[in-house]
Amino acid sequence: MKNSKIPLIKHIPDFLEYCEVEKGLSPITTHNYDNFLRTFVIWLKDNDLEGIKPHEINDKHIWNYRLYLSRKHDRKGNYIKKTTQNYYLIALRNLFSFFTLKDVQSLPADKITLPRLTQKDKKIKFLKWQQVEKLFDMPDITQVSGLRDKAILEVLFSTGMRVSEVTSLNINQFDIKNLLSGKFENLELDISGKGGSLRTIYFSKRCLKWVSKYLKTRQNDMYPPLFVGYSRNIPDSSEHRLGIRSIERLVKKYTVMAGLPVDATPHTLRHSYATDLLEQGADLRSVQELLGHKNIMTTQIYTHVTNTKLREVHKKFHSGRK
């Protein structure tokens, strides 16, 4: 391997291009890596390490950066969670894997270890069905924007899609003629999810009914996105596609309006979707497929459901033995 004469931070643009072009990661994932690595760059500059080369980074530097992350605060003034710390370190680990691939001498990527997560760290936020229904009742469906918001909430919960996947939906993926005529047959679509992996998503009849009502307000526009924004500040050249931040804001707004005890996000509805499936009897492997998780270990965060079911199974079928 060769020693790079270029400072580490100067390699980051090449790494991000590699992620998007060669590795085939989505622009959103690449953007997230960029954001996480900016924190590392800030830490380097604060410690007079702005010019450090990849081969000069050692275990001590990584340890000090991990200490920095463990003491870092979020916007609310709380220490960032271990799961969030992991995102920063995974981005850094991928950067060092890139160095190895490009034959640049550096610390091995596996030397960047992640904080060990406890069950408390893995605890997820989700809504119970009654809370989901209360949330769905909040949009003012007499307004076009409210009807759109209602359709968005229904899609998030019906499909378990990530918010980035919802914003990427286009009208031409749907059978508009059948939808507008009231034929709400269960619909399935193949989408490109996280990391470019393909999976099938399913829409319930209830969800399609609200998508149909929303689309009836869109019959006079030619914009391709399924969900559009109504801000007057959107340039005429824009597709008018509703962005991720807009959906996050509307979910938060309706959560507050509903007086829910959970600080819900679009991802909370994804968790709620998975929880509801398991509570209705779906097995973990099927939920893994529906969510698009590559590893079953990722799906096992829903132990709050599976552990309860195992307890019930044991009580029903085994604990009565004499």
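Key figures
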| read-out | value |
| --- | --- |
| Test: residue in the range 61-75 that is within 30 Å of L198 (Cα to Cα) and at pLDDT below 85 | no |
| Given (1) out of contact with any Pro (no Cβ under 6 Å at 6 or more places or on another chain); (2) at pLDDT 90 or above, index of the condition I247 fails | (1) |
| Where L179 falls short, out of the listed (1) of a type in the set (A, V, I, L, M); (2) modelled with pLDDT under 90; (3) outside any helix (DSSP H, G or I) | (3) |
| Test result for I171, touching a Pro at 6+ places or on another chain (Cβ under 8 Å), in the same structural domain as T265 (by TED's automatic domain parsing) and of a type outside the set (G, A, S) | yes |
| Test: residue in the range 18-35 that is farther than 30 Å from G193 by Cα and in the same structural domain as Q85 (by TED's automatic domain parsing) | no |
| Filtered residues of the range 18-49 (kept if surrounded by 13 or more Cβ atoms within 10 Å (Cβ to Cβ) and charged (D, E, K, R)) | E20, K23, D34, R38 |
| Residues of the range 156-195 that turn out to be touching a residue at least 12 places away in the same chain (Cβ under 8 Å), farther than 26 Å from F126 by Cα and not β-branched (V, I, T), as a count | 10 |
| Test result for I112, β-branched (V, I, T) and touching a residue at least 40 places away in the same chain (Cβ under 8 Å) | yes |
| Verdict on T167 being hydroxyl-bearing (S, T, Y) and within 20 Å of H271 (Cβ to Cβ) | yes |
| Count of residues meeting criterion [assigned to a helix (DSSP H, G or I), out of contact with any Gly (no Cβ under 9 Å at 6 or more places or on another chain) and crowded, with 19+ Cβ neighbours inside 10 Å] in the range 189-214 | 5 |
| Some residue of the range 130-141 being without any contact (Cβ under 8 Å) to a residue 60 or more places away in the chain, assigned by TED's automatic domain parsing to the domain that holds T299 and in contact with a helix residue (DSSP H, G or I) (Cβ under 9 Å, 6 or more places away or on another chain) | yes |
| Unique match (being in a helix (DSSP H, G or I) and among the small types (G, A, S)) among S97, S4 | S97 |
| Out of I124, I52, sole residue that is in contact with a Phe, Trp or Tyr (Cβ under 9 Å, 6 or more places away or on another chain), surrounded by fewer than 19 Cβ atoms within 10 Å (Cβ to Cβ) and either part of a loop (DSSP other than H, G, I, E, B) or assigned by TED's automatic domain parsing to the domain that holds L277 (or both) | I124 |
| L156 being closer than 28 Å to H31 by Cβ, part of a strand (DSSP E or B) and either touching a Cys at 6+ places or on another chain (Cβ under 7 Å) or not β-branched (V, I, T) (or both) | no |
| All positions within the range 91-112 that are over 19 Å from S4 (Cα atoms) and either in contact with a helix residue (DSSP H, G or I) (Cβ under 6 Å, 6 or more places away or on another chain) or buried (at least 16 other Cβ atoms within 10 Å of the Cβ) (or both) | A91, I112 |
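Yes/no per residue for (1) surrounded by fewer than 22 Cβ atoms within 10 Å (Cβ to Cβ); (2) in contact with a strand residue (DSSP E or B) (Cβ under 9 Å, 6 or more places away or on another chain):
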position	(1), (2)
W129	yes, no
M138	yes, no
G146	yes, no
I152	no, no
N170	yes, yes
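The values are calculated or read from the model by the stated rules, or taken from the named source; none is laboratory data. Model, not experiment: these values are computed from the prediction. Heads up, the Cβs are rebuilt from the backbone with ideal geometry, glycines too, and the neighbour counts pull from every protein chain shown.
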